[in-house]
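One structure is given below, encoded as structure tokens.
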Amino acid sequence: MNDEERALRAKVRAFVEGFSLADLEAIEQEIAELESDRQAPTTFNPRLAGLGVVGMGWPGSLVPPATQGERFVAHEELDSAGLPTYGLEQSEAVGWMLATFGPEELAAEHLPRILDQSWSYAGGYSEPEAGSDLLALTSRATRTDAGWRVRGQKLWTSGAHVADWIFTLVRTDPESTRHHGLSILMIDAHAPGVTVQPVRVMGGWRVNACFFDDVEVPASHLIGEEGKAWMMMSAALDIERSMSFGGREARLLLARYLDRLGRTGATLPEASWTELGEQVAELEVERLLGLSTVARGEANEPASGEASMNKIVGPAVAQRVAQLLVDRLGADALLAPGVTADRLAADAEHFLRAATVLSIIGGTSEVQRSIIAQRALGLPRG
Ligand SMILES: Cc1cc2nc3c(=O)[nH]c(=O)nc-3n(C[C@H](O)[C@H](O)[C@H](O)COP(=O)(O)OP(=O)(O)OC[C@H]3O[C@@H](n4cnc5c(N)ncnc54)[C@H](O)[C@@H]3O)c2cc1C
């Protein structure tokens with residue numbers, strides 16, 4: 001860690017320590033009321049905006065230059081404190097696209113609202129018949145005098161019900177197939193013809209089905225170049241897969257458990273300490289994989305293989321830690337918060353279900369293994 005990263009870590013840690021128990025409860029309540037899982041637009045986002053860590057690493061002069069290592073440090077501190085960063089990740093993803101690929105006018109409209117976290121975003125890629133094989137998507141946009149008319153359906157769209165905008169992958173060239181002829185449109189989540197319906201999945205997560213029935217989208221809302229979205233998408237997916245997928249939440253839960261052991265002076269058989277030690281070591285591997293992805297990115301080396309390894313390892317370690325804690329915490333871990341007074345046990349059980357879903361979000365572990373085979377090992381496509 002260099003001096004800049006050390007200073008940034010101290011700054012973000014001081015920010016995190018500024019949250020009182022009451023603040024954290026207010027955040028939790030907003031998330032529960034909105035069913036937004038990890039988005040808290042009024043209780044958290046405005047405070048985050050003031051910290052100056054949004055948009056780290058974007059090109060251009062709107063934000064001070066920052067390395068990927070610095071971005072890693074800032075996100076690590078926020079996640080490790082259990083603060084809700086999903087909205088930040090989503091808005092930074094589209095912010096990075098706009099800052100990198102334009103157009104200027106759309107970027108000028110959105111980037112300030114991303115930096116102050118006053119608008120929120122959902123990423124509409126997957127469809128009922130196009131998840132792992134995203135290129136099979138059938139949502140399409142046809143040209144009109146004023147721009148585009150969009151018809152189609154997206155599925156699993158996280159946060160669409162609290163989003164102001166859905167950045168949506170569509171086919172703009174009807175003659176095209178696979179990688180060609182795809183574009184990303186910035187669609188107003190409240191425009192006529194947009195319907196957002198809830199889909200609830202394991203772990204209490206609400207995602208959405210989004211229907212686009214002849215939605216009119218201005219020509220100026222095309223992100224990047226028409227028909228060339230795949231290159232942007234691949235880069236955005238690599239960035240998404242290099243995020244922490246459960247490792248930091250697992251570390252926080254494990255720390256709470258170890259703290260409890262310390263406070264109660266509980267003794268454990270040696271085999272139990274060995275098991276705990278193994279999980280601590282696995283969490284460190286998960287962290288180092290995240291850093292290795294960052295290092296490759298900073299060296300301008302292809303990072304898809306590492307990002308996919310990170311995407312597999314995070315949920316797997318998180319699931320093992322959660323299972324271990326549920327086993328240790330006994331019957332209370334089978335009860336909902338409120339029913340049991342043991343909050344740690346209830347949180348561990350909830351996290352066990354949530355971490356299971358993390359193996360699917362952002363691309364399943366099976367698909368990541370194929371990417372590693374091809375892009376990290378150079379093996380031929382099966
Ligand atoms: C909670 C949650 C949040 C999500 N949020 C978003 C979001 O915000 N935006 C968005 O666009 N998408 C989102 N997704 C969608 C997610 O990216 C897809 O669910 C994922 O890519 C898998 O696609 P699928 O569900 O269509 O499964 P399928 O592609 O139908 O896969 C079914 C099974 O077949 C396996 N499989 C498929 N193809 C292969 C292959 N080639 N080799 C080996 N095995 C294979 C898969 O591993 C899986 O086990 C979210 C999903 C979840 C669960």
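The values are calculated or read from the model by the stated rules, or taken from the named source; none is laboratory data. Source: prediction; values computed, not measured. Here the Cβ is made from the backbone with ideal geometry for all residues, glycine too, and neighbour counts use every protein chain on show. We work out accessible area using only protein heavy atoms, side chains counted, and drop any ligands, DNA or RNA first. Shrake-Rupley method; radii C 1.70, N 1.55, O 1.52, S 1.80 Å.
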Is it the case, given these coordinates, that Glu17 is at pLDDT 95 or above and of a type in the set (Asp, Glu)? yes
Residue hits (the range 4-30; polar (S, T, N, Q) and open to solvent by 60 Å² or more (accessible area, probe 1.4 Å)) are Gln29
Given the condition open to solvent by 10 Å² or more (accessible area, probe 1.4 Å), under 14 Å from Ala49 (Cα atoms) and away from the ligand (no atom under 16 Å from the Cβ), answer yes or no: does some residue in the range 92-112 qualify? yes
Only one residue in Ala74, Ala163, Ala130, Ala81 is at pLDDT below 95 and either within 13 Å of the ligand (Cβ to nearest atom) or not assigned by TED's automatic domain parsing to the domain that holds Pro218 (or both), so which one is that? Ala81
Quick check, is Ser220 under 23 Å from Thr100 (Cβ atoms) and surrounded by fewer than 19 Cβ atoms within 10 Å (Cβ to Cβ)? yes
One residue from Val196, Val201, Val215, Val207 being open to solvent by 30 Å² or more (accessible area, probe 1.4 Å), at pLDDT 95 or above and aliphatic (A, V, I, L, M): Val196
Inter-residue pairs, beta-carbon under 6 Å, first farther than 30 Å from Ala303 by Cα and in the range 243-272, second open to solvent by less than 20 Å² (accessible area, probe 1.4 Å), 6+ apart: Arg256/Leu344; Tyr257/Leu325
Answer yes or no as to whether Ala122 is within 22 Å of Ser36 (Cβ to Cβ), of a type in the set (A, V, I, L, M, F, W, C) and within 13 Å of the ligand (Cβ to nearest atom). yes
Positions within the range 189-244 being charged (D, E, K, R) and more than 18 Å from the chain's Cα centre (by Cα), in sequence order: Asp213, Asp214, Glu216, Glu225, Glu226, Lys228
Considering only residues that are open to solvent by 20 Å² or more (accessible area, probe 1.4 Å) and not basic (Lys, Arg), which ones fall in the range 177-190? Thr177, His179, His180, Asp188, His190
Those residues of the range 120-139 which are part of a loop (DSSP other than H, G, I, E, B) and aromatic (Phe, Trp, Tyr) amount to Tyr125
Within the range 251-284, residues being assigned to a helix (DSSP H, G or I), hydroxyl-bearing (Ser, Thr, Tyr) and either open to solvent by 50 Å² or more (accessible area, probe 1.4 Å) or outside the structural domain of Asn310 (by TED's automatic domain parsing) (or both) number 2
Give the range 2-30 a look and list any residue that's closer than 17 Å to Phe72 by Cα, free of Cβ contacts under 8 Å to residues at least 60 places away in the same chain and among the polar types (S, T, N, Q), or say none. none
When you scan the range 213-231, how many residues do you find that are in contact (Cβ under 8 Å) with a residue 40 or more places away in the chain and either basic (Lys, Arg) or outside any strand (DSSP E or B) (or both)? 10
Restricting attention to the range 331-365, which residues are among the charged types (D, E, K, R) and without any contact (Cβ under 8 Å) to a residue 40 or more places away in the chain? Asp332, Asp342, Arg343, Glu349
Going by the structure shown, is Thr85 of a type in the set (Ser, Thr, Tyr) and over 16 Å from the mean Cα position of the chain (by Cα)? no
Which of the residues belonging to the range 364-380 are farther than 17 Å from Gly314 by Cβ, more than 10 Å from the ligand (Cβ to nearest atom) and surrounded by fewer than 17 Cβ atoms within 10 Å (Cβ to Cβ)? Ala373, Gln374, Leu377, Gly378, Leu379, Pro380
The condition from (1) open to solvent by 30 Å² or more (accessible area, probe 1.4 Å); (2) touching a residue at least 12 places away in the same chain (Cβ under 8 Å); (3) part of a helix (DSSP H, G or I) that Glu33 misses is numbered (2)
Scanning the range 140-163 for residues that are buried (at least 17 other Cβ atoms within 10 Å of the Cβ) and in a loop (DSSP other than H, G, I, E, B) gives Trp156, Thr157, Ser158, Gly159, Ala163
Sort out which residues of the range 351-363 are open to solvent by 30 Å² or more (accessible area, probe 1.4 Å) and either within 14 Å of the ligand (Cβ to nearest atom) or over 23 Å from Glu35 (Cα atoms) (or both), and write them in order of number. Arg353, Thr356, Ile360, Ile361
